[in-house]
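Student: Okay, here's the structure, questions in a sec.
The values are calculated or read from the model by the stated rules, or taken from the named source; none is laboratory data. All of these numbers come straight from a predicted model, not from anything done at the bench. Cβ coordinates were reconstructed from backbone atoms using ideal geometry, including for glycine residues, and neighbour counts include every protein chain displayed. Only protein heavy atoms, including side chains, enter the accessible area calculation; ligands, DNA and RNA are left aside. Shrake-Rupley method; radii C 1.70, N 1.55, O 1.52, S 1.80 Å.
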Amino acid sequence: ILGEHLRICPQGYTCCTSEMEENFANKSRSEFEAMMKEAGRSVQATLTAQHRSFDSYFQDLLNKSEKALYDAFPSMYGELYTQNVKVFKDLYSELRRYYRSSNINLEEALNEFWTRLLERLFKLLNPQYHITDEYLDCMVKHAEQHKPFGEVPRDLKVKATRAFIAARSYAQGFLVGSDVVKKVSQVSLSHECTRAIMKLMYCPHCRGMSSVKPCNNYCLNVVKGCLANQADLNTEWKYLMDSLIGVADRIDGAYNVDTVIGTIHMRIAEAISNLQENKDSITSKVFQGCGNPKISTKGSSSEDKRRRGKVTLEAKSSAQALEMLVLDAKGNLTALKTYWITLPSSLCSKKVMASSASDDKCWNGMTKGSYLPEVMGDGLANQINNPEVEVDITKPDMTIRQQIMQLKIMTNRLGNANIGNDVDFQDTSDDMSGSGSGDSCPDDVCGKRLSKSPSTRQPETHAIPKQSGHGVNGASSRSLPSASLLLLLSVAVIAAQHLWR
């Protein structure tokens with residue numbers, strides 16, 4: 001029949017009524033959106049699997065260290081351990097809470113552990129004295145200069161915080177990447193795109209050419225026009241993949257989590273041994289600084305609870321497993337780098353089943369023949385002259401712009417983790433002594449920021465962060481996008497500005 005009633009397909013002779021054309025339009029739209037979600041689910045599955053593998057490995061590493069401590073310490077230290085079990089349990093609990101993104105300060109947690117342990121052990125090692133809480137406060141104040149545990153607390157703090165920051169950011173990076181793909185894959189097609197997809201996929205049917213495949217370049221122009229906003233994710237997406245690869249190298253290298261996390265119990269044992277071996281010297285120095293405590297009226301028949309024989313503590317290395325995890329992750333991340341800009345060609349070749357580029361007997365949008373227009377570039381700005389889809393390049397999709405911001409925030413966090421800083425770190429001195437100059441953070445900006453240790457508060461993972469009053473180390477930050485790029489996201493930009501200060 002004559003096709004004068006058609007509103008999308010060419011108006012020559014046709015097999016389709018208006019109702020059929022509308023049904024085909026709805027069908028093509030739902031099928032294309034399903035293709036997008038299916039492609040996205042594949043990427044989500046890859047990223048989620050990488051997260052699950054690393055998370056399982058890391059949790060297992062921490063569990064084994066804790067179990068080794070509980071198994072060995074009773075016979076090694078007797079009452080020094082049995083009367084202080086909660087101190088050790090609390091430490092591992094805090095470490096897990098931090099890794100799971102709880103709102104705690106990791107360095108403060110480690111400092112608190114050593115302080116509590118010192119207070120308890122000092123009393124147990126000096127049972128003949130009546131040691132008050134006030135006396136313990138004085139003793140703790142002098143502890144830094146006496147170094148009762150040797151260099152272990154400082155060394156473990158530096159290495160453990162870097163390892164945990166890297167591990168946590170690394171795990172979060174996979175989840176953020178997966179979440180971005182999920183949200184972007186659910187973005188609905190525009191009216192103009194729905195018409196173009198219908199014309200590409202089902203108008204040949206209305207012309208009695210159901211077996212004729214769309215020309216490849218024609219398909220590319222349609223899909224690039226429809227996915228113009230998605231292609232704009234490419235730059236920040238690539239940065240995220242590269243940042244994850246960089247942190248993966250740190251995790252299996254400079255901040256080796258297998259060595260650091262797997263030996264926490266051994267470092268604690270080393271610290272306690274240092275205290276025991278230097279007990280007399282340390283006690284003497286404490287007495288000089290704080291005065292002699294009163295002799296306990298209860299007295300004590302017990303002797304110092306020294307180590308009961310030699311128990312060898314070992315750390316079962318899982319370095320090979322970590323190496324394999326990192327290699328697998330780097331391979332997958334490298335493969336995903338170009339996902340957003342290769343998506344149109346992937347959809348055209350695998351889903352739409354477009355004809356080869358040289359085929360002159362393909363559907364070109366009007367009839368069977370060659371497709372002459374050139375293929376458009378990637379991204380919104382390159383669609384200004386797209387011959388197949390009318391794209392308003394002045395109105396970027398807000399959902400996708402928000403996800404671009406999420407990628408920026410996560411990449412920034414990974415950049416900080418790559419140099420051993422959490423997103424809110426201010427002072428990165430190796431000695432972690434709390435003597436940061438504060439030059440980069442005026443009082444009126446930072447307010448009550450702790451001077452002893454950088455903050456390791458939980459960064460917001462899936463939302464534009466609230467204004468926290470903290471900056472980041474300038475060496476790892478990248479500049480904010482221009483206002484024209486974010487458009488209506490000005491509120492989000494203002495809220496996130498401190499992250500790139």
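Student: Being open to solvent by less than 50 Å² (accessible area, probe 1.4 Å), in a loop (DSSP other than H, G, I, E, B) and at pLDDT below 85 is the filter here, so list the residues in segment 315-338 that pass it.
Tutor: Those that are open to solvent by less than 50 Å² (accessible area, probe 1.4 Å), in a loop (DSSP other than H, G, I, E, B) and at pLDDT below 85: 315, 318.
Student: Given (1) among the small types (Gly, Ala, Ser); (2) at pLDDT below 95; (3) in a helix (DSSP H, G or I), where does residue 434 come up short, assuming only one miss?
Tutor: So the condition that residue 434 fails would be (3).
Student: Something else: Quick check, is residue 312 among the polar types (S, T, N, Q), open to solvent by 60 Å² or more (accessible area, probe 1.4 Å), in contact with a strand residue (DSSP E or B) (Cβ under 8 Å, 6 or more places away or on another chain) and at pLDDT below 90? Quick ask: steps written out before the conclusion?
Tutor: Working: among the polar types (S, T, N, Q): yes; open to solvent by 60 Å² or more (accessible area, probe 1.4 Å): yes; in contact with a strand residue (DSSP E or B) (Cβ under 8 Å, 6 or more places away or on another chain): no; at pLDDT below 90: yes.
So residue 312 fails the test.
Student: Are any residues in segment 241-261 open to solvent by 10 Å² or more (accessible area, probe 1.4 Å) and closer than 30 Å to residue 81 by Cβ, and if so, which ones?
Tutor: Within segment 241-261, 255, 256, 258, 259, 260 qualify.
Student: So which residues in segment 73-90 are part of a helix (DSSP H, G or I) and open to solvent by less than 10 Å² (accessible area, probe 1.4 Å)? Quick ask: steps written out before the conclusion?
Tutor: Taking segment 73-90 as the starting set, the residues that turn out to be part of a helix (DSSP H, G or I) are 73-77, 79-82, 85-90.
Listed by number, the residues that qualify are 73, 76, 77, 80, 87, 88.
Student: Within segment 146-156, can one find any residue that is among the aliphatic types (A, V, I, L, M) and either within 24 Å of residue 231 (Cα to Cα) or in contact with a Phe, Trp or Tyr (Cβ under 6 Å, 6 or more places away or on another chain) (or both)? Before you say what the answer is, go through the steps one by one.
Tutor: Filtering segment 146-156 down to residues among the aliphatic types (A, V, I, L, M) leaves 152, 156.
Checking the rest, the ones that are also either within 24 Å of residue 231 (Cα to Cα) or in contact with a Phe, Trp or Tyr (Cβ under 6 Å, 6 or more places away or on another chain) (or both) come to none.
No - not one qualifying residue is present in segment 146-156.
Student: In segment 176-204, which residues are more than 24 Å from residue 41 (Cα to Cα) and either open to solvent by 10 Å² or more (accessible area, probe 1.4 Å) or touching a Lys or Arg at 6+ places or on another chain (Cβ under 6 Å) (or both)?
Tutor: Answer for segment 176-204, where residues must be more than 24 Å from residue 41 (Cα to Cα) and either open to solvent by 10 Å² or more (accessible area, probe 1.4 Å) or touching a Lys or Arg at 6+ places or on another chain (Cβ under 6 Å) (or both): 191, 192, 195, 199, 202.
Student: Can you name the residue in segment 52-70 that is open to solvent by 50 Å² or more (accessible area, probe 1.4 Å) and not acidic (Asp, Glu) and is also farthest from residue 171 (Cα to Cα) among such residues? Outline the logic, then answer.
Tutor: Of all residues in segment 52-70, those open to solvent by 50 Å² or more (accessible area, probe 1.4 Å) come to 52-53, 56, 60, 63-64, 67, 70.
Narrowing further to those that are not acidic (Asp, Glu): 52-53, 56, 63-64, 67, 70.
Values: 52: 9, 53: 10, 56: 11, 63: 17, 64: 20, 67: 23, 70: 27 Å.
That would be 70.
Student: Another question about this same structure. Is it the case, given these coordinates, that residue 173 is in contact with a Lys or Arg (Cβ under 9 Å, 6 or more places away or on another chain) and crowded, with 24+ Cβ neighbours inside 10 Å? Talk me through it step by step, then tell me what you get.
Tutor: On the way: in contact with a Lys or Arg (Cβ under 9 Å, 6 or more places away or on another chain): yes; crowded, with 24+ Cβ neighbours inside 10 Å: yes.
Here the answer is yes, as residue 173 does meet what is asked.
Student: Going residue by residue through segment 387-394, is there one that turns out to be open to solvent by 50 Å² or more (accessible area, probe 1.4 Å) and modelled with pLDDT of 95 or more? First the steps, then the outcome.
Tutor: If we filter segment 387-394 for residues that are open to solvent by 50 Å² or more (accessible area, probe 1.4 Å), which is where we start, we get 387, 390, 392-394.
Still in the running and modelled with pLDDT of 95 or more: 387.
Yes, some residue in segment 387-394 is open to solvent by 50 Å² or more (accessible area, probe 1.4 Å) and modelled with pLDDT of 95 or more.
Student: Next question, about the same structure. Of the residues in segment 103-138, how many are assigned to a helix (DSSP H, G or I) and of a type outside the set (D, E, K, R)?
Tutor: At the first step, the residues of segment 103-138 found to be assigned to a helix (DSSP H, G or I) are 106-125, 133-138.
Subset that is of a type outside the set (D, E, K, R): 106, 109-111, 113-115, 117-118, 121-122, 124-125, 135-136, 138.
So the answer is 16.
Student: State the number of residues belonging to segment 69-84 that are among the hydrophobic types (A, V, I, L, M, F, W, C) and closer than 11 Å to residue 120 by Cβ.
Tutor: At the first step, the residues of segment 69-84 found to be among the hydrophobic types (A, V, I, L, M, F, W, C) are 69, 72-73, 76, 80.
Subsequent filtering for residues that are closer than 11 Å to residue 120 by Cβ retains 80.
Result for segment 69-84: 1.
Quick grid of which residues meet (1) over 31 Å from the mean Cα position of the chain (by Cα); (2) basic (Lys, Arg); (3) at pLDDT 95 or above; (4) farther than 25 Å from residue 275 by Cβ:
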{"residue": "53", "(1), (2), (3), (4)": "no, no, yes, yes"}
{"residue": "75", "(1), (2), (3), (4)": "yes, no, no, no"}
{"residue": "79", "(1), (2), (3), (4)": "yes, no, no, no"}
{"residue": "88", "(1), (2), (3), (4)": "no, no, yes, no"}
{"residue": "91", "(1), (2), (3), (4)": "no, no, yes, no"}
{"residue": "100", "(1), (2), (3), (4)": "no, yes, no, yes"}
{"residue": "104", "(1), (2), (3), (4)": "no, no, no, yes"}
{"residue": "108", "(1), (2), (3), (4)": "no, no, no, no"}
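Student: Of the conditions (1) closer than 30 Å to residue 246 by Cβ; (2) β-branched (Val, Ile, Thr); (3) surrounded by 21 or more Cβ atoms within 10 Å (Cβ to Cβ), residue 399 clears all except one; give me its number.
Tutor: So residue 399 meets the others, but not (3).
Student: I'd like the full set of residues that are without any contact (Cβ under 8 Å) to a residue 12 or more places away in the chain and under 16 Å from residue 185 (Cα atoms), limited to segment 1-37. Working first, answer last.
Tutor: Restricting attention to segment 1-37, the residues satisfying the condition of being without any contact (Cβ under 8 Å) to a residue 12 or more places away in the chain are 4, 11, 19, 22-23, 26, 30, 34.
Within segment 1-37, 30, 34 meet the criteria.
Student: Considering only residues of segment 205-240 that are hydroxyl-bearing (Ser, Thr, Tyr) and within 30 Å of residue 366 (Cβ to Cβ), which is least open to solvent (accessible area, probe 1.4 Å)?
Tutor: If we filter segment 205-240 for residues that are hydroxyl-bearing (Ser, Thr, Tyr), which is where we start, we get 210-211, 218, 235, 239.
Subsequent filtering for residues that are within 30 Å of residue 366 (Cβ to Cβ) retains 210-211, 218.
Working: 210: 79, 211: 108, 218: 1 Å².
Result: 218.
Student: Are there any pairs with C-beta distances below 8 angstrom linking a residue in segment 101-118 that is hydrophobic (A, V, I, L, M, F, W, C) to a residue that is open to solvent by 30 Å² or more (accessible area, probe 1.4 Å) and part of a loop (DSSP other than H, G, I, E, B), with the two at least 6 apart or on different chains, and if so which?
Tutor: As it stands, the answer is 104/457; 104/458, since those pairs meet every condition given.
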